[in-house]
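Shown next, in structure tokens, is the structure this report addresses.
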Amino acid sequence: MTRPPTSLLVGRALRLQCPRCGEASMFSGLFRTHRTCPACHLKFEREPGYFLGSIYLNYGITALVSTASWVVLRFGYDFPSRYILMGLAAFCILWPTFFFRYARALWLAMDLRFDTKLFHARERPPTPPQETP
């Protein structure tokens, strides 16, 4: 099995599309993820707590940008601490809210990148039981 190119998966994640097929949106609302892809039926939340890693991804990027901004603005440009603190407090509230969907999409894309059987296996929706006459 060949691995899909990382650029393909990241591109689909940044467009908030299914990383496997790229045909359907991962989200049905601002913060609501579809259970499965409407096009290829990939189950997005593989198990309870699956997207916990996306929270770490979101937190890590927020912490990295906040720390780098503090160091550059405080020691590089000598901005007063209270102004930096107010700006970074707003950033630490607004950025994770905005990045929530992207973190989930990137987390799923990363999972598909390393677990190629998920990329190639096409899941089918459950079929309703047939009634017999």
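Condition check for Cys40 on (1) loosely packed, with under 15 Cβ neighbours inside 10 Å; (2) of a type outside the set (Phe, Trp, Tyr); (3) assigned to a loop (DSSP other than H, G, I, E, B): one failure, at (1).
Here's the yes/no breakdown for (1) within 14 Å of Arg101 (Cα to Cα); (2) in a helix (DSSP H, G or I); (3) at pLDDT below 95; (4) more than 12 Å from the chain's Cα centre (by Cα):
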residue	(1), (2), (3), (4)
Met1	no, no, yes, yes
Gly29	yes, no, yes, yes
Pro48	no, no, yes, yes
Asn58	yes, yes, no, no
Ala63	no, yes, no, yes
Ala68	no, yes, no, yes
Arg74	no, yes, no, yes
Met86	no, yes, no, yes
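Under the condition of being touching a residue at least 40 places away in the same chain (Cβ under 8 Å), closer than 12 Å to Ala105 by Cβ and not hydrophobic (A, V, I, L, M, F, W, C), the residues counted in region 25-50 number 1. Quick check, is Ala90 in a helix (DSSP H, G or I) and either modelled with pLDDT under 95 or of a type in the set (A, V, I, L, M, F, W, C) (or both)? Considered against the rule, which asks whether it is in a helix (DSSP H, G or I) and either modelled with pLDDT under 95 or of a type in the set (A, V, I, L, M, F, W, C) (or both), Ala90 comes out as yes. Could you tell me whether region 4-16 includes any residue that is crowded, with 17+ Cβ neighbours inside 10 Å and free of Cβ contacts under 8 Å to residues at least 60 places away in the same chain? Scanning region 4-16 turns up no residue that is crowded, with 17+ Cβ neighbours inside 10 Å and free of Cβ contacts under 8 Å to residues at least 60 places away in the same chain. Evaluated against (1) loosely packed, with under 13 Cβ neighbours inside 10 Å; (2) more than 30 Å from Leu8 (Cβ to Cβ), Arg74 falls short on exactly one condition, (1).
Taking Arg101 as the residue in question, decide whether it is modelled with pLDDT of 95 or more, in contact with a strand residue (DSSP E or B) (Cβ under 8 Å, 6 or more places away or on another chain) and not hydrophobic (A, V, I, L, M, F, W, C). Here the answer is yes, as Arg101 does meet what is asked. Would you mind stating whether Leu106 is in contact with a helix residue (DSSP H, G or I) (Cβ under 6 Å, 6 or more places away or on another chain), modelled with pLDDT of 95 or more and of a type in the set (A, V, I, L, M)? So Leu106 fits the description; yes. On the given criteria, is Pro19 closer than 15 Å to Leu118 by Cβ, under 12 Å from the mean Cα position of the chain (by Cα) and either assigned to a loop (DSSP other than H, G, I, E, B) or of a type in the set (Phe, Trp, Tyr) (or both)? Yes; evaluated as a whole, the condition is true for this residue. Do we have Gly53 as part of a loop (DSSP other than H, G, I, E, B), surrounded by 12 or more Cβ atoms within 10 Å (Cβ to Cβ), within 16 Å of the chain's Cα centre (by Cα) and without any contact (Cβ under 8 Å) to a residue 60 or more places away in the chain here? Taking the combined requirement at face value, the residue does not satisfy it.
The values are calculated or read from the model by the stated rules, or taken from the named source; none is laboratory data. Predicted model only: the values in this text are computed from it and were never measured. Positions of Cβ are generated from backbone atoms using ideal geometry, with glycine treated the same way; all protein chains shown enter the neighbour counts.
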